[in-house]
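Colleague: Pasting a structure here, questions to come.
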RNA sequence: GGGUGCUUAGCUCAGUUGGAAGAGCGCUAGCCUUACAAGCUGGAUGUCGGCGGUUCGAACCCGUCAGCACCCACCA
């Protein structure tokens, strides 16, 4: 079979993937007798659109691990699926409808959800199609969606259990409220950025002004909330105000009178030392309100407009309009004591970007710090799993981040006033009593038991999307309520899974919550290892986002994309079309020629190479190009092998020669086998440590720098100059090594290795021809490591480098072959290699170097080399002098070290010995150069 | 306010119990040498952020300063 002259990935990828999938190669290993289980849960991508570079990165790592352990013979499951992503998906669909002039509210809940399901179908398919293009090998037959029937049942069941256990509760609490989405969001969904604002100083007149001063001045960044003030507080020890504690002030604009209270939360140094207390609209004030049993006055509606609890004048005003009006009115009353610029952190909704409003609403919570039936809270248990080492983080540094968060965790607000998501399984009686149950019938039964027989109304709130995500480790494995009494093979084998591969950005959102929920509900940890990787950023280190217009679609790196198409893609569908011009300009500058097609393998290799622990990745297109070239190198090395190995029968004989006792394998063969074994062992270490960067580097280094640069060149010599038997033995070794390399590389480069393996494996006499995926992964065979041949080849390489260097210095054309004279021991078998590798016309080994010539010389250890050419005497003299000077530097350094008594006395013996050897070698070499220099002198 | 990470060649980054500074890309000189010009061969390039300390010896350990990035909490 003839291979194309260069590697063309696209056709190969399209050909292999469907076959792998159809023949069931990705299917989970469910052999109960094989105790070696390997399982990865795919962090389910959101069905909000398409996959981005971060997914490509994340999935490449998982696929490499999965293919590796699968080839090693483990019972392997990569569990795929997608996430309904409540808020995010609802927003996407809402915006699409808006673009068509349809509003969600006008459409109604039922119709709207139909639209979302349509979108889910479309987006989910896009995502799984993209994953297939990346070559991923999850068990697609087990694909799950967080709102599948089974998973939804798990959501309901766990909710009811946690409620019955007292770990889920409902209550009126101050929560982060998104006034645009009309829903509560969790602490994690609020992002605070520092913004420019103002600090207003407002006078609150004292009710009883018999004592000076006549008013207290409070400082606030949100003057509109004064309408909901219920107190003014000062520090109990603050001498300025101590006498006023317990007295009252007039709350301007409202006619209300509110008390002056003392609380040591107040920092007397900040502002005026007087703080207005608005328990219904501020988290700290809320706590104060509870402590002092103050009333809560809500002056905002869920739209963030002024409510009916406020003076009539302001009712219905938007919160920011009200702010202006109130400041103006206070000023008019002479109660505005001053305004100053002030930087403050503004909390905004992660999804909509609007300013979050703390709002008193009825919500559902998971109690994270309350002891459960076994006496420990779920956060405590999650901390223990990691502290005990049962769950390990890679890199381990993330443990402290994890601990810090769990040690300060608040109860988790899990209710969302949205439509898209799991409905909370609760029913209300007309009296407001709540009945949490698995279904309406059960709710009715529970109500009756409580003495209520009236109508029941289902809760309309849905659950935070992360609630179902937290159950993913067991919900996807067909967990049932009677677990563990009844289990199944998948649960037995794959809970806990082996490793979770994820970005640090969702350690709190997802990782910690999976651990809390899985441990509490199943008694098992969800996974043993957590491999935390960085985020993919653009070439400037900026986070990739649609609005910045710097996103890359992994598929575009695989297939390539022309500039116009890329510009179109980046500028269409922008939330803020004003950015389009800037985005277009930058895109045209950065990708003036578009993006060439690199192929999946090259992209995967790039991701892996960049996966250094503990840092984000500035994605570098040039790296991708370099690894595309690497694929091409592998391709052409295989072409070379195929051109030299006509058929398998030839190699059958070669096998006997290599294994028989007729003669020892050739140096090159012994060496490459040895080097291969070291590579296999090293790669196994990198897999175990999750060092994908080093894994890729090790493979690259071996394939290019050893196998291609040296071994193949030596093979050429052996095939040309050896006996037919020797040539066959070498061909055999060549094919065996290549075949092993392909298996070694398969988890990283699935497509090219499969394509090449199909033609190489028959020559190597491999039995199975179905797929490289089904082969054994190469296991290290330390007994094949041969230090002697490694040392020999190292010396040969050094001689080659010396010759090539001389040639370079002498400015010889690569085409010009010249004679070499050598003096030293054990050189005879190097001759043919040196001739070929250093472009020599002949190699002569002599007892004494000729001294009547001004030819250039080099020295490698004990060996002297001379290129038998005439050179300019002055130039050669200069070259030698320079060389001697360089060596003298080294000698001086070594001598200084050895002259240091402390060094000799305290450094380990082998270090001292090494230094002595170096010194001796340098000295000998320098001496030889000096002798040569003397000969040159007229 | 608390915490974390980073700073090594022009760029992006490795550097594995402290023991002669590395890779890819780029640059440069020359080569279509029958696997590969997506290639081959040679070459140039670094006070390893600054300053102290520990040590016979520090890119690596400790302290400190500076710059960059991020996370958590948030003083109205």
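Colleague: Restricting attention to the stretch A:615-629, which residues are within 6 Å of RNA strand B (Cβ to nearest atom) and more than 16 Å from residue A:599 (Cβ to Cβ)? Break it down into steps so the answer makes sense when it comes.
Modeller: At the first step, the residues of the stretch A:615-629 found to be within 6 Å of RNA strand B (Cβ to nearest atom) are A:615, A:618, A:620, A:622-623, A:626, A:628-629.
Selection gives A:615, A:618, A:620.
Colleague: Within the group A:760, A:703, A:715, A:735, which residue is in contact (Cβ under 8 Å) with a residue 40 or more places away in the chain, closer than 16 Å to residue A:604 by Cβ, within 16 Å of RNA strand B (Cβ to nearest atom) and in a helix (DSSP H, G or I)? Steps first, please.
Modeller: On the way: A:760 fails: closer than 16 Å to residue A:604 by Cβ; A:715 fails: closer than 16 Å to residue A:604 by Cβ; A:735 fails: closer than 16 Å to residue A:604 by Cβ.
Answer to the selection: A:703.
Colleague: Another question, if that's okay. Please go through the stretch A:837-855 and pick out each residue that is closer than 23 Å to residue A:709 by Cβ and surrounded by fewer than 17 Cβ atoms within 10 Å (Cβ to Cβ).
Modeller: Taking the stretch A:837-855 as the starting set, the residues that turn out to be closer than 23 Å to residue A:709 by Cβ are A:837-841, A:843.
Passing the criteria: only A:841.
Colleague: Among the listed residues A:769, A:804, which satisfies the condition of being surrounded by fewer than 21 Cβ atoms within 10 Å (Cβ to Cβ), without any contact (Cβ under 8 Å) to a residue 60 or more places away in the chain and away from RNA strand B (no atom under 16 Å from the Cβ)?
Modeller: Numbers: A:804 fails: away from RNA strand B (no atom under 16 Å from the Cβ).
Exactly one of A:769, A:804 is surrounded by fewer than 21 Cβ atoms within 10 Å (Cβ to Cβ), without any contact (Cβ under 8 Å) to a residue 60 or more places away in the chain and away from RNA strand B (no atom under 16 Å from the Cβ), namely A:769.
Colleague: Let me ask something else about it. With the structure loaded, tell me whether residue A:811 is under 49 Å from the mean Cα position of the chain (by Cα), at pLDDT 90 or above and either more than 14 Å from RNA strand B (Cβ to nearest atom) or outside any strand (DSSP E or B) (or both) or whether it fails that test. Explain how you work it out, then say what you get.
Modeller: Details: under 49 Å from the mean Cα position of the chain (by Cα): yes; at pLDDT 90 or above: no; either more than 14 Å from RNA strand B (Cβ to nearest atom) or outside any strand (DSSP E or B) (or both): yes.
Spelling it out, it is not the case that residue A:811 is under 49 Å from the mean Cα position of the chain (by Cα), at pLDDT 90 or above and either more than 14 Å from RNA strand B (Cβ to nearest atom) or outside any strand (DSSP E or B) (or both).
Colleague: Within the stretch A:173-187, identify whether any single residue is out of contact with any helix residue (DSSP H, G or I) (no Cβ under 6 Å at 6 or more places or on another chain), in a helix (DSSP H, G or I), within 30 Å of residue A:94 (Cβ to Cβ) and at pLDDT 95 or above, and answer yes or no. Before you say what the answer is, go through the steps one by one.
Modeller: Initial filter on the stretch A:173-187 (out of contact with any helix residue (DSSP H, G or I) (no Cβ under 6 Å at 6 or more places or on another chain)): A:173, A:175-187.
Then drop every residue that is not in a helix (DSSP H, G or I), which leaves A:187.
Now restrict to residues that are within 30 Å of residue A:94 (Cβ to Cβ): A:187.
Next, from what is left, pick out any that are at pLDDT 95 or above: none.
Looking for residues that are out of contact with any helix residue (DSSP H, G or I) (no Cβ under 6 Å at 6 or more places or on another chain), in a helix (DSSP H, G or I), within 30 Å of residue A:94 (Cβ to Cβ) and at pLDDT 95 or above, one finds none in the stretch A:173-187, hence no.
Colleague: Here's a follow-up. Six or more apart or on different chains, Cβ under 6 Å: which pairs go from a residue in the stretch A:53-79 that's under 23 Å from residue A:680 (Cα atoms) to one that's surrounded by fewer than 22 Cβ atoms within 10 Å (Cβ to Cβ)? Could you list them?
Modeller: What qualifies is A:68/A:687; A:71/A:777; A:72/A:777; A:74/A:36; A:75/A:29; A:75/A:31; A:75/A:34; A:76/A:29.
Listed here are the residues, each with its yes/no results for (1) surrounded by 18 or more Cβ atoms within 10 Å (Cβ to Cβ); (2) at positive phi; (3) within 43 Å of the chain's Cα centre (by Cα).
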position	(1), (2), (3)
A:255	no, yes, no
A:258	yes, no, no
A:261	yes, no, no
A:270	no, no, yes
A:287	no, no, yes
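Colleague: OK, next. In the stretch A:384-427, which residue that is under 25 Å from the mean Cα position of the chain (by Cα), part of a loop (DSSP other than H, G, I, E, B) and within 15 Å of RNA strand B (Cβ to nearest atom) is surrounded by the most Cβ atoms within 10 Å (Cβ to Cβ)?
Modeller: Only one residue fits best here, namely A:409.
Colleague: Another question, then. Restricting the search to the stretch A:1-56, which residues are out of contact with any helix residue (DSSP H, G or I) (no Cβ under 8 Å at 6 or more places or on another chain) and under 22 Å from residue A:466 (Cα atoms)?
Modeller: Listed by number, the list holds a single entry, A:54.
Colleague: Working only within the stretch A:188-222, note down all residues that are within 29 Å of residue A:329 (Cα to Cα), within 13 Å of RNA strand B (Cβ to nearest atom) and outside any strand (DSSP E or B).
Modeller: Hits for the stretch A:188-222 are A:221, A:222.
Colleague: Is there a residue in the stretch A:503-523 that is in a strand (DSSP E or B) and modelled with pLDDT of 95 or more?
Modeller: So in the stretch A:503-523, the residues in a strand (DSSP E or B) come out as A:503.
Narrowing the set further to residues that are modelled with pLDDT of 95 or more leaves none.
The answer is no; no qualifying residue exists.
Colleague: On the basis of being modelled with pLDDT of 90 or more, more than 15 Å from RNA strand B (Cβ to nearest atom) and either farther than 25 Å from residue A:184 by Cβ or part of a loop (DSSP other than H, G, I, E, B) (or both), does residue A:321 make the cut?
Modeller: Values: modelled with pLDDT of 90 or more: yes; more than 15 Å from RNA strand B (Cβ to nearest atom): yes; either farther than 25 Å from residue A:184 by Cβ or part of a loop (DSSP other than H, G, I, E, B) (or both): no.
No.
Colleague: From the set of residues in the stretch A:358-383 that are touching a helix residue (DSSP H, G or I) at 6+ places or on another chain (Cβ under 6 Å) and outside any helix (DSSP H, G or I), which is farthest from residue A:418 (Cα to Cα)?
Modeller: Step one: list which residues in the stretch A:358-383 are touching a helix residue (DSSP H, G or I) at 6+ places or on another chain (Cβ under 6 Å), which gives A:358, A:368-369, A:378-379, A:381-383.
Narrowing further to those that are outside any helix (DSSP H, G or I): A:358, A:368-369.
Details: A:358: 18, A:368: 23, A:369: 27 Å.
So, considering only residues that are touching a helix residue (DSSP H, G or I) at 6+ places or on another chain (Cβ under 6 Å) and outside any helix (DSSP H, G or I), the one farthest from residue A:418 (Cα to Cα) is A:369.
Colleague: Condition (residue is within 16 Å of RNA strand B (Cβ to nearest atom), surrounded by fewer than 19 Cβ atoms within 10 Å (Cβ to Cβ), in contact (Cβ under 8 Å) with a residue 24 or more places away in the chain and more than 49 Å from the chain's Cα centre (by Cα)) applied to the stretch A:783-798: is it met by at least one residue?
Modeller: Among the residues of the stretch A:783-798, not one is within 16 Å of RNA strand B (Cβ to nearest atom), surrounded by fewer than 19 Cβ atoms within 10 Å (Cβ to Cβ), in contact (Cβ under 8 Å) with a residue 24 or more places away in the chain and more than 49 Å from the chain's Cα centre (by Cα), which makes the answer no.
Colleague: Output the residue which, of all residues in the stretch A:316-326 that are out of contact with any strand residue (DSSP E or B) (no Cβ under 6 Å at 6 or more places or on another chain) and surrounded by 14 or more Cβ atoms within 10 Å (Cβ to Cβ), is nearest to residue A:177 (Cα to Cα). So that I can check it myself, show each step before the final result.
Modeller: Of the residues in the stretch A:316-326, the ones out of contact with any strand residue (DSSP E or B) (no Cβ under 6 Å at 6 or more places or on another chain) are A:319-321, A:323-326.
Of the ones still in play, those that are also surrounded by 14 or more Cβ atoms within 10 Å (Cβ to Cβ) are A:319, A:321, A:323, A:325-326.
On the way: A:319: 14, A:321: 19, A:323: 19, A:325: 23, A:326: 23 Å.
Taking the candidates together, the pick is A:319.
Colleague: Then there's this: Could you pull out the residue among A:15, A:23 that is within 30 Å of residue A:625 (Cβ to Cβ) and surrounded by fewer than 20 Cβ atoms within 10 Å (Cβ to Cβ)? First the steps, then the outcome.
Modeller: Details: A:23 fails: within 30 Å of residue A:625 (Cβ to Cβ).
None of the others qualify; the one that does is A:15.
Colleague: Separate question: Looking only at the stretch A:246-287, count how many residues are out of contact with any helix residue (DSSP H, G or I) (no Cβ under 9 Å at 6 or more places or on another chain), more than 10 Å from RNA strand B (Cβ to nearest atom) and outside any strand (DSSP E or B).
Modeller: Within the stretch A:246-287, residues that are out of contact with any helix residue (DSSP H, G or I) (no Cβ under 9 Å at 6 or more places or on another chain), more than 10 Å from RNA strand B (Cβ to nearest atom) and outside any strand (DSSP E or B) number 5.
Colleague: Assuming residue A:233 fulfils every condition listed in (1) part of a loop (DSSP other than H, G, I, E, B); (2) under 27 Å from residue A:325 (Cβ atoms) apart from one, which condition is it?
Modeller: Unmet condition: (1).
Colleague: Say we look at the stretch A:362-380 and pick out the residues that are in contact (Cβ under 8 Å) with a residue 24 or more places away in the chain and surrounded by 18 or more Cβ atoms within 10 Å (Cβ to Cβ); which of these is nearest to residue A:319 (Cα to Cα)? Write out each step before concluding.
Modeller: In the first step, residues of the stretch A:362-380 are kept if they are in contact (Cβ under 8 Å) with a residue 24 or more places away in the chain; the result is A:362-370, A:372-373, A:378-379.
Right, trim to surrounded by 18 or more Cβ atoms within 10 Å (Cβ to Cβ) and you get A:363-368, A:378-379.
Numbers: A:363: 23, A:364: 26, A:365: 28, A:366: 31, A:367: 32, A:368: 33, A:378: 39, A:379: 37 Å.
Checked the stretch A:362-380; the qualifying residue nearest to residue A:319 (Cα to Cα) is A:363.
Colleague: What's the number of the only condition in (1) modelled with pLDDT under 95; (2) more than 22 Å from residue A:755 (Cα to Cα) that residue A:648 fails to meet?
Modeller: Every condition holds for residue A:648 apart from (2).
Colleague: Could you name every one of the helices (runs of 4 or more DSSP H) located completely within the stretch A:1-107 that has at least 1 residues being touching a strand residue (DSSP E or B) at 6+ places or on another chain (Cβ under 8 Å)? Break it down stepwise before answering.
Modeller: Working: elements: A:9-22, A:53-71, A:86-99, A:104-107.
It comes to A:53-71, A:86-99.
Colleague: Report, ordered by the first and then the second residue, all pairs with beta carbons closer than 6 Å, sequence separation of six or more or different chains, a first member in the stretch A:1-23 that is within 16 Å of residue A:596 (Cα to Cα) and within 14 Å of RNA strand B (Cβ to nearest atom), and a second member that is assigned to a helix (DSSP H, G or I) and at pLDDT 90 or above.
Modeller: Listed pairs, sorted by first residue: A:6/A:632; A:7/A:631; A:7/A:632; A:7/A:635.
Colleague: Further question on the same structure: Which residue pairs have Cβ atoms under 7 Å apart, sit 6 or more places apart or on different chains, and have a first residue in the stretch A:488-511 that is farther than 18 Å from residue A:525 by Cβ and a second that is within 16 Å of RNA strand B (Cβ to nearest atom) and assigned to a strand (DSSP E or B)?
Modeller: From the stretch A:488-511, the pairs are A:503/A:533; A:504/A:532.
Colleague: Go through (1) over 17 Å from residue A:205 (Cβ atoms); (2) over 49 Å from the mean Cα position of the chain (by Cα); (3) surrounded by fewer than 18 Cβ atoms within 10 Å (Cβ to Cβ); (4) touching a residue at least 24 places away in the same chain (Cβ under 8 Å) and name the single condition residue A:312 misses.
Modeller: Tallying (1) over 17 Å from residue A:205 (Cβ atoms); (2) over 49 Å from the mean Cα position of the chain (by Cα); (3) surrounded by fewer than 18 Cβ atoms within 10 Å (Cβ to Cβ); (4) touching a residue at least 24 places away in the same chain (Cβ under 8 Å), residue A:312 fails exactly one: (4).
Colleague: Checking residue A:512 against (1) surrounded by 21 or more Cβ atoms within 10 Å (Cβ to Cβ); (2) at positive phi, only one condition comes out false. Which one?
Modeller: Against the list (1) surrounded by 21 or more Cβ atoms within 10 Å (Cβ to Cβ); (2) at positive phi, residue A:512 comes up short only on (2).
The values are calculated or read from the model by the stated rules, or taken from the named source; none is laboratory data. It should be emphasised that the depicted structure is a prediction, and the values quoted were computed from it without experimental measurement. We place every Cβ from the backbone using ideal geometry, glycine too, and count neighbours over all the protein chains shown.
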